[in-house]
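The values are calculated or read from the model by the stated rules, or taken from the named source; none is laboratory data. A quick note: this is a predicted structure, and the numbers were derived from the prediction, not measured. Neighbour counts run over all protein chains shown; Cβ positions are idealised from the backbone, glycine included. All accessible areas refer to the heavy atoms of the entire protein, side chains included, with ligands and DNA or RNA removed. Shrake-Rupley method; radii C 1.70, N 1.55, O 1.52, S 1.80 Å.
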Amino acid sequence: TLSIQVEGLSKTYGQQKAVDQISFRAVPGKVLGFLGPNGAGKSTTMRMLTGYLQPTSGSANLGGFDTQRQSLEMRRILGYLPENTPLYTDMYVREFLSFVADTYQLERSAIKVKEVIARVGLGDEQHKKISMLSKGYKQRVGLAQAIIHDPSILILDEPTTGLDPNQLTDIRELIRNLGKDKTVILSTHIMQEVEALCDQVVIINKGKIVADASLTELKSKH
Ligand code: ADP
Ligand code: ADP
C-alpha cells in the first residue's frame, strides 16, 4: 500500500517562507484535503510532492520514493493534475492522452486509453481538438491525463477552480469515484470542497500547518 509521507518540508523564495516545516501523512483509500487561502503555500507544496520543485529543506516520500529524485518509477505510481493544467490545446483529446501515456514507457497492455476516456466521460469528445472543449471538459482531459497510467497516488491541485455549478458536480463525482482505490491529496481554498470529497484535512496558512484532523473531528470542533 502506498502512502505519502511529508517530513519538515520547507520552501523559501528569497526571504519569504512560502512553506515552513510542514509534516503530514496521507494514507491509501482516503482523500486528504489540503486546505488554505490563496498564497498559503498549497501549490508550492504540491509541486514539491510531485518532484517538480526542489524543497529548501525537508523531504517528501511517495510510496517509498523520494520525490526529489524524480525517477520514472515514481512517475509511474503518481498522477498529477497541476493547477492551470498545461494541456496541448492543438492536439486531439485521444491523441494527447496516448502521447501522455507513452511518456511512462509502460507496456501497451498497461495503458487503457479507451477505458480512461469512457471513465471520465470523454467518449463524445475524444476526436475533438482540446482547444475546442469547454472548461469542464478540459478539466476532464486533465483528470484523464492524471490517471492514464493507473497510478496509486493522485495529487490534484485546485481541481474545480473556475467551473460552473453543473461542471462542478460532475467533476466532484468523478474525483470521488477515482479516489476510491487510491491515495489522494486534493488542494483547495474551499471548505465545502473538503466536506464534499475528503476524509482527512490538513489546513495550511502562511506556509504553516494549523490543523490536521479527520473531517469528523474538524466538524465537531467548529
Ligand atoms: P497557494 O497555492 O496556496 O495559493 P502558493 O504556493 O502558490 O500558494 O504560494 C505561496 C507563496 O509563495 C505566495 O506568497 C506566492 O506569491 C509565493 N510564491 C509562489 N511561487 C513563487 C515563486 N516562484 N517565486 C516567488 N514567490 C513565489
Ligand atoms: P497560485 O494560484 O497557486 O497562488 P500563483 O498564481 O501564485 O499560483 O503562481 C503562478 C506561477 O507564478 C507559479 O509558477 C509560481 O511559482 C509563480 N509565482 C507566484 N508568486 C510569485 C512571486 N511572488 N514571484 C515569482 N513567481 C511567482
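With respect to (1) under 11 Å from the mean Cα position of the chain (by Cα); (2) assigned to a loop (DSSP other than H, G, I, E, B); (3) among the small types (Gly, Ala, Ser), the lone exception for GLY162 is condition (1).
Touching a residue at least 40 places away in the same chain (Cβ under 8 Å), open to solvent by 70 Å² or more (accessible area, probe 1.4 Å), in contact with a Gly (Cβ under 7 Å, 6 or more places away or on another chain) and over 26 Å from MET91 (Cα atoms) - does that describe any residue in segment 202-210? No, there is no match, as no residue in segment 202-210 is touching a residue at least 40 places away in the same chain (Cβ under 8 Å), open to solvent by 70 Å² or more (accessible area, probe 1.4 Å), in contact with a Gly (Cβ under 7 Å, 6 or more places away or on another chain) and over 26 Å from MET91 (Cα atoms).
Does segment 175-184 contain any residue that is under 12 Å from PRO159 (Cβ atoms), open to solvent by less than 70 Å² (accessible area, probe 1.4 Å) and at pLDDT 95 or above? Yes, segment 175-184 contains a residue that is under 12 Å from PRO159 (Cβ atoms), open to solvent by less than 70 Å² (accessible area, probe 1.4 Å) and at pLDDT 95 or above. Across segment 13-35, the qualifying residues are those that are surrounded by fewer than 22 Cβ atoms within 10 Å (Cβ to Cβ) and within 9 Å of GLY207 (Cβ to Cβ), and the one among them that is nearest to ligand 1 (Cβ to nearest atom) is ALA18.
Based on this model, can you work out whether SER220 counts as polar (S, T, N, Q) and more than 16 Å from ligand 1 (Cβ to nearest atom)? Here the answer is yes, as SER220 does meet what is asked. Being within 16 Å of ligand 1 (Cβ to nearest atom), among the hydrophobic types (A, V, I, L, M, F, W, C) and surrounded by 18 or more Cβ atoms within 10 Å (Cβ to Cβ) is a description that does not apply to LEU62. Restrict the check to segment 129-138 and report whether at least one residue is in a loop (DSSP other than H, G, I, E, B) and within 16 Å of ligand 1 (Cβ to nearest atom). The answer is no; no qualifying residue exists. Which one is farthest from LYS30 (Cα to Cα) among residues in segment 206-222 that are part of a strand (DSSP E or B) and in contact with a helix residue (DSSP H, G or I) (Cβ under 9 Å, 6 or more places away or on another chain)? Checking each candidate, the answer is ALA211. Scanning segment 98-110 for residues that are closer than 16 Å to VAL141 by Cβ and assigned to a loop (DSSP other than H, G, I, E, B) yields one hit, THR103.
Can you confirm whether segment 78-89 contains a residue that is open to solvent by 40 Å² or more (accessible area, probe 1.4 Å) and among the hydrophobic types (A, V, I, L, M, F, W, C)? No. Of all residue pairs spaced 6 or more apart or on separate chains, those with beta-carbon atoms under 6 Å, a first member in segment 41-61 that is more than 10 Å from ligand 2 (Cβ to nearest atom) and a second member that is charged (D, E, K, R) are PRO55/LYS11; THR56/LYS11; GLY58/GLU7; SER59/GLU7.
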